[in-house]
Amino acid sequence: MNGLLLVALGVATVRADAAADAFHNSFPPGPARVPSNGRSLSGPPRRSDNSHCALLIPGPGKSSSRDHTLGIFNGIQSPHAGDGFTCITFQSVDAAFTAARDRHGLPRPGPKPDKNDLANLGAILVETTRNLAKQYNLPKDVLVNGVPLMDTFKTIIGSVCPDFILPTKCEIQRYREYSGRCNNLDNPTWGSINTAFKRRLPPDYADGIDAPRVGAGGYPLPSPRVVSAHLHRDEGLHDHAITIMTVAWGQAIDHDLTLTAETKEPRTNKDPKCCEGPQTHPACFPIHVPSEDPFYSLFRQNCISVVRSLPSVRYGCKLGPRAQTNEIASYIDANWIYGSVNKHAEDLRLHRGGLMKSLPVFREYGMKDLLPLKLEEPDEGCIRPNKDIYCFDAGDGRVNEQLVLAVIHTMMMREHNRIATELYRYNPHWDDGKLYHETRHIIAAITQHITYNEFLPMVLGKDVMNKYGLILEKHGYFDGYDPKVDASMSANFITSAFRFGHSLLPSTIERWSPAHKFIASQRLSDMLRQPYDLYKGGWCDQFIMGLTNQVAQAMDDSVTQEVTNHLFQEPDKRWGMDLAAINMQRGREHGVPSYNAFREFCGLPKVYRFDELLGSMSNKTVRRYIEIYRHPDDIDLWSGGVSERPLPGSMIGPTFSCLIGLTFKELRFGDRFWYENRGFPSQFTLEQLDEIRKVKLSRMICDNSDDIKTMQVYAMVLPDHEINPRVPCNSGILPRMDLSKWRDLQGTHPRVRPGF
C-alpha cells in the first residue's frame with residue numbers, strides 16, 4: 001500500500017496530520033512525497049526543479065496535462081516521466097480550492113470561528129480533495145496517506161485557515177482552559193474544542209473521500225434498521241451485579257469527552273427533517289425501513305431521519321478525507337458540569353462565593369436546590385408540554401436528554417456548591433474567582449477518580465485495567481504523563497465503542513424510597529427530553545435511590561425496544577427512532593472501518609468466514625449475522641462489539657476492551673492536568689491528594705441528597721450484605737474529604753486570569 005501506515009505505538013496513536021507534518025519536514029525544501037512501500041523515503045527528491053510540486057506520488061503518467069503544459073510554459077520540467085513520479089502542483093491545489101470555494105462560497109472565519117464556520121471551510125477542503133482526486137485519478141490510499149502531507153500554507157488555503165489552528169504560545173496556569181487548549185504545551189490544539197476526531201485506522205469511505213462506507217465488495221450494506229431489528233432484539237436479560245448508576249455515570253462521562261458537531265437548519269437551528277416530503281437538505285442520510293419491518297410497518301413508516309455530522313477542519317487545514325468535529329474538550333475535565341466556552345461557563349456562575357447558579361424551588365422546605373432553568377432557546381433538546389414549563393441548564397446541553405442524566409447533573413452542581421461553601425469557611429480571604437476555580441479543579445479530580453476507581457473496573461475488569469495502565473496510585477504521585485500522547489477522541493470511540501452502554505439501558509426507570517423500598521417505575525421513552533418529574537418534591541432522592549437499586553440490562557446484543565422503537569418519541573405519536581440503527585448509520589457516515597478491521601487492529605485474528613466468530617459470539621448471534629450480512633468484513637463496529645462474549649471479569653468483549661482501554665490510557669497519560677500528576681502548578685499537595693482518594697460516589701450521594709441516610713459502599717454495584725453492604729452515611733466507612741487540607745495560611749494563591 002502506498003502512503004504512511006497509521007500505527008498505534010504504545011499509548012500514542014500516530015495521527016494522520018502529525019504523521020504528515022513529520023513526513024513533510026523530513027524533506028526540506030522539496031515537496032511531500034508518498035513512498036512506494038509504506039515507509040519513509042530517505043533523501044531529497046531527485047530533481048531540484050520540482051519545488052512547484054505540493055506532492056510527489058510514485059508512478060508516472062498521472063500528472064495533469066494542464067500542469068505539465070504550465071510547467072513547460074514556465075520553464076519547469078515536470079518530474080512525472082524520468083523520475084517515475086507524478087507531481088501534484090501547488091498551482092493545481094490553488095485551482096482545486098478556488099473551484100470549490102466558488103461553488104460553496106466562503107467567508108473568512110474569524111479568530112474564534114464557530115462550528116458552522118469550520119464546517120463551511122471543512123466542506124470546501126473536502127471538495128478540494130475531490131477535485132484533485134478527479135484531476136489526478138488518485139487512488140484511496142493516496143487520498144488517505146498522501147494528500148494530507150501537502151503543505152497547504154504554501155497555497156491560498158493558508159490565507160483562510162482559522163487563526164486558532166495556527167501555532168500559539170501557552171501560559172502555564174493552575175487551572176484548565178474551558179476549551180482544553182494548551183493542555184499539551186507542545187501541541188496546544190490536541191484535545192481542544194472544535195478540533196477533528198482522530199482515527200486509529202484510515203477512514204473507510206466508499207469513494208475514499210466522504211461517501212459512507214459500503215460492503216467489502218462495493219455493494220450496499222444492509223439497512224441499519226434491518227440489522228437492529230434482526231440482531232439487536234429486546235430479549236430482556238439482566239446483569240447480575242451492576243446498577244443503572246453505572247449506565248448514568250457512563251453517559252455523563254461520555255458527555256464530558258465528546259460532542260459531535262451536528263448539522264442544523266440555518267434559520268431555525270433545528271434538525272433537518274429527512275423523512276417528511278422531498279429530501280432537500282444535502283446532509284440528509286436517512287435510514288431506510290423495509291415495508292415488512294415488524295414495528296414500523298404498523299404505522300406505515302419507511303424512514304428514520306438521520307443527518308450527517310458537520311465536516312471538520314484538521315490541524316494545519318490539511319486536505320484529505322472528511323473528518324468530524326468534537327465541539328468540546330476531549331479530557332476528563334468535568335466541563336459537562338461547567339461548560340466548554342467562557343460565556344456559557346460564566347452564565348452558569350452565581351459570581352458570589354464561588355457558587356454556581358441553582359433553582360431554590362424547595363429551599364423553604366429545607367430541601368436542596370435544583371439546576372437552573374434553561375431560559376435561552378428553551379425548546380432545544382426538550383419536549384415541552386407548554387410554554388410555562390422549562391427544562392434545566394447545565395454545562396452540557398444534553399442535560400435533559402434523559403431524566404436520570406439530569407439527576408447526575410443536579411448532584412454534581414450541589415457537590416460544587418457544597419465544596420465551595422466549605423472552602424470559603426477555611427479561606428474567607430479567597431475571592432469568588434479563586435473559590436470557583438479551585439472547586440472546579442477539585443470536582444474534575446473527583447470525576448477522574450470515580451471514573452477510574454469505580455466505573456472502569458466494572459466495565460473493563462482488573463486484567464484490562466492492568467494491561468492499559470489504568471490502576472490508580474494508592475499513595476504519592478503518578479509519573480506517567482507523556483506530552484507525546486494525544487488524548488483527542490477517536491472516531492471509533494465516539495461512534496461505536498463507548499456506545500456499548502446502549503445495551504445496558506432498561507425498559508423502565510424505577511423510583512425507590514430512602515428506605516430502599518420500590519415505589520414505582522416509568523417507561524424510559526417517557527423520560528427522554530422530559531425531566532419535569534424533578535420538580536416534584538422528594539423525587540430527586542427517589543430517582544437516585546432507583547439508580548442505585550435497579551439492575552441494568554445484560555451487556556449483550558439485546559437492546560430495549562424503548563430506544564430501538566421509541567427513542568425521542570413525540571407525545572402525539574406511537575413510534576420514535578432507533579438508537580441501535582442510528583449508531584450503525586453514524587459509524588458508516590463517519591467512515592469508521594468494520595468490526596473485522598478493528599479486531600485485527602486489536603490483535604485478534606481476522607475473520608474470513610462467519611463460523612470463525614463462533615468462539616467470540618453466541619451461536620444465535622452468528623447465525624443472525626449470516627442471515628443479514630454478505631461477508632464478515634461488512635459487520636458494523638458497534639454491532640460486532642456489543643455482540644462479543646465478555647472477557648473474564650469484564651462486561652465487554654476483547655475489541656471494545658481494547659478500544660476503550662486505549663482511550664482511557666491516553667486520557668490518563670496524555671492529560672497534563674491529571675489529578676495525580678506533579679511538577680505543574682495544577683498539582684495537588686500529597687495531603688490533598690489523599691483526601692481526593694477517599695471519595696466514593698456513595699459519599700457524594702449522601703452529601704447531596706435530601707433524606708438518604710444509608711447507601712451501599714459502591715453505588716454502581718447492587719447492594720450485597722457481604723461484599724457491598726449498605727452502611728449509614730455518617731459512618732466512617734464513607735469518609736468525607738477533609739477540606740481543611742486546602743487551608744491557605746499564606747493568603748496567597750495562583751493568579752486567575754480575567755475572563756478565564
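What follows is calculated from the coordinates using simple rules that are stated; it is not laboratory data. These numbers come from a predicted model, not from an experiment. Note that each Cβ is placed from the backbone with ideal geometry, even for glycine, and that neighbours are counted across all protein chains shown.
Computed quantities for the displayed model
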read-out	value
Amide H contacts under 5 Å for Gln569, placed H, 5+ residues apart	Met577
Contour excess over end-to-end distance, with Cα ends at Gln561 and Asn302 and 0.36 nm allotted per residue	91.5 nm
Distant-in-sequence amide H partners of Thr195 (H built 1.01 Å from N, under 5 Å)	Asn326
Protection-proxy order for peptides 704-712, 687-695, 475-483, each taking the mean of Cβ atoms within 10 Å per residue, highest first	704-712, 687-695, 475-483
Spin-label pair Glu364/Val551, simplified geometry with 7 Å Cα→Cβ offset, distance in nm	4.4 nm
Order by protection proxy (mean Cβ within 10 Å, highest first), peptides 288-297, 144-153, 554-563	144-153, 554-563, 288-297
For the range 268-276, Karplus couplings with θ = phi - 60° (6.51, -1.76, 1.60), whole Hz, Gly/Pro x	9, 6, 10, 5, x, 8, 9, 10, 10
The range 92-180: relative contact order as a whole-number percent, Cα under 8 Å and 6+ apart	40 percent
Added length on full extension, which subtracts the Cα-Cα distance from 0.36 nm per residue, His475 to Asn116	124.6 nm
Inter-part distance where the range 470-518 and the range 520-543 are each reduced to a Cα centre, Å	23 Å
Principal-axis tilt of helix 115-136 within the chain, Cα atoms, nearest 10 degrees	30 degrees
The range 380-386 - phi-based ³J(HN,Hα) in whole Hz, Karplus 6.51/-1.76/1.60, Gly and Pro as x	5, x, 9, 10, 8, x, 7
Cβ-isolated cysteines (cut-off 4.7 Å), the chain	Cys540
Added length on full extension, which subtracts the Cα-Cα distance from 0.36 nm per residue, Asp482 to Asp706	76.4 nm
Nonlocal amide H pairs with Thr710, under 5 Å, H built at 1.01 Å	Cys729
The range 573-622: C-alpha gyration tensor shape, a/c 1.5 cut-off, then a/b vs b/c	oblate
Point-to-point label distance, His240-Glu292, nm (Cα→Cβ direction, 7 Å offset)	3.9 nm
Whole-number percent relative contact order across the chain, with pairs defined as alpha carbons under 8 Å at least 6 apart	16 percent
Pairs beyond 23 Å (Cα-Cα), from Lys462/Lys741; Lys368/Lys709; Lys374/Lys709; Lys368/Lys741; Lys169/Lys264; Lys696/Lys741	Lys462/Lys741; Lys374/Lys709; Lys368/Lys741; Lys169/Lys264
For peptides 90-96, 321-327, 572-578, sequence by mean Cβ density within 10 Å, most packed first	321-327, 90-96, 572-578
Rounded Å value of the spacing that divides the Cα centres of the range 93-154 and the range 551-628	33 Å
Whole-Å semi-axes of the range 235-281's equivalent ellipsoid (Cα gyration tensor)	36, 18, 7
Paramagnetic reach from Thr685 (point 7 Å along Cα→Cβ, amide N under 14 Å) across the range 409-433	426-427
21 Å Cα-Cα reach of Lys467 towards lysines, excluding residues that sit fewer than 8 places from it in its own chain	Lys484, Lys665
Relative contact order of the range 610-756, pairs being alpha-carbon contacts under 8 Å that are 6 or more residues apart, as %	13 percent
Eligible aspartates and glutamates near Lys140 by straight Cα distance, threshold 13 Å, same-chain separation 8 or greater	Asp204, Asp207, Asp210
Three-way shape call for the range 524-682 based on the alpha-carbon gyration tensor, with the a/c threshold at 1.5	oblate
Rounded tilt (10° steps) of 654-669 against the dominant C-alpha axis of the chain	80 degrees
Over the chain: helical MRE at 222 nm, DSSP H runs n ≥ 4 each giving -39500 (n - 2.57), nearest 500	-9500 deg cm²/dmol
